[in-house]
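Read through the structure below, which is laid out as structure tokens, and then see the notes.
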Amino acid sequence: MKLSKPAKRMILVICGSSLVFMGAGAVYYRSLTALFFALGVALAMGMNSAKVVMIERAVDRTAEIEEKKEGRNYVRFQYILRILLTGAILGISVAVATECLWGAIAGVFTFQIAAYSLRFMKLDEDSAPADPVSHQKEGDEH
């Protein structure tokens, strides 16, 4: 399955912000305990990346479904699966260590950070300006 440009950007932002959280955890804990925190963040990073792929697939699949009720049920099922996935990651983190849970909670927020960053990131950087004249310096009249 080929991912769209926004989905790729979201996964990139998830990975980048997860690394920032891991670094912050290492600075905060300053011991081997930071490894548990990093494990929690890594689990959440994998989960969030999987959620992006699941959402992408759900959107594609829903567009193909002709019956409105069937499409609505599919979207609801996918939503419940994503919630259960988040719960499973948090449950695993609780079983490992408290620091792992805090890392997973921090990592869960990377999905929201990625979603909000799409609003502020320019997705089409390859396009040339529509009016090259407006980008000239003042007094530069050729």
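The values are calculated or read from the model by the stated rules, or taken from the named source; none is laboratory data. Because the structure is a prediction, the values reported are computed rather than measured. Quick reminder, even Gly has a Cβ in these numbers, built from the backbone with ideal geometry, and neighbours come from all protein chains shown.
Under 8 Å between Cβ atoms, which residue pairs at least 6 apart in sequence (or on different chains) link something in segment 75-87 that is within 19 Å of LEU101 (Cβ to Cβ) and modelled with pLDDT of 95 or more with a partner that is of a type in the set (Val, Ile, Thr) and loosely packed, with under 11 Cβ neighbours inside 10 Å?
Taking only residues 6 or more apart or on different chains, not a single pair turns up.
Filter segment 88-100 for residues that are modelled with pLDDT under 90, part of a helix (DSSP H, G or I) and out of contact with any Gly (no Cβ under 6 Å at 6 or more places or on another chain) and give the result.
VAL96, THR98, GLU99
Please verify whether LYS51 is in a helix (DSSP H, G or I), free of Cβ contacts under 8 Å to residues at least 60 places away in the same chain and of a type in the set (Lys, Arg), treating the condition exactly as stated.
On the way: in a helix (DSSP H, G or I): yes; free of Cβ contacts under 8 Å to residues at least 60 places away in the same chain: no; of a type in the set (Lys, Arg): yes.
So LYS51 does not fit the description; no.
Please work out which residue is modelled with the lowest pLDDT, limiting yourself to segment 1-42 and to residues that are touching a helix residue (DSSP H, G or I) at 6+ places or on another chain (Cβ under 7 Å) and of a type in the set (Val, Ile, Thr).
Filtering segment 1-42 for residues that are touching a helix residue (DSSP H, G or I) at 6+ places or on another chain (Cβ under 7 Å) and of a type in the set (Val, Ile, Thr), the one modelled with the lowest pLDDT comes out as THR33.
Working only within segment 55-74, note down all residues that are touching a helix residue (DSSP H, G or I) at 6+ places or on another chain (Cβ under 6 Å) and among the aliphatic types (A, V, I, L, M).
Passing the criteria: ALA58, ILE65.
Within segment 60-71, track down each residue that is loosely packed, with under 14 Cβ neighbours inside 10 Å and among the hydrophobic types (A, V, I, L, M, F, W, C).
Across segment 60-71, the qualifying residue is only ALA63.
Identify, please: which residue in segment 1-30 is of a type in the set (Lys, Arg) and touching a residue at least 60 places away in the same chain (Cβ under 8 Å) and is, among those, surrounded by the most Cβ atoms within 10 Å (Cβ to Cβ)? Show your work before the answer.
So the first thing to find is which residues in segment 1-30 are of a type in the set (Lys, Arg), and the list is 2, 5, 8-9, 30.
Checking the rest, the ones that are also touching a residue at least 60 places away in the same chain (Cβ under 8 Å) come to 5, 9.
Values: LYS5: 10, ARG9: 17.
The extreme case among them is ARG9.
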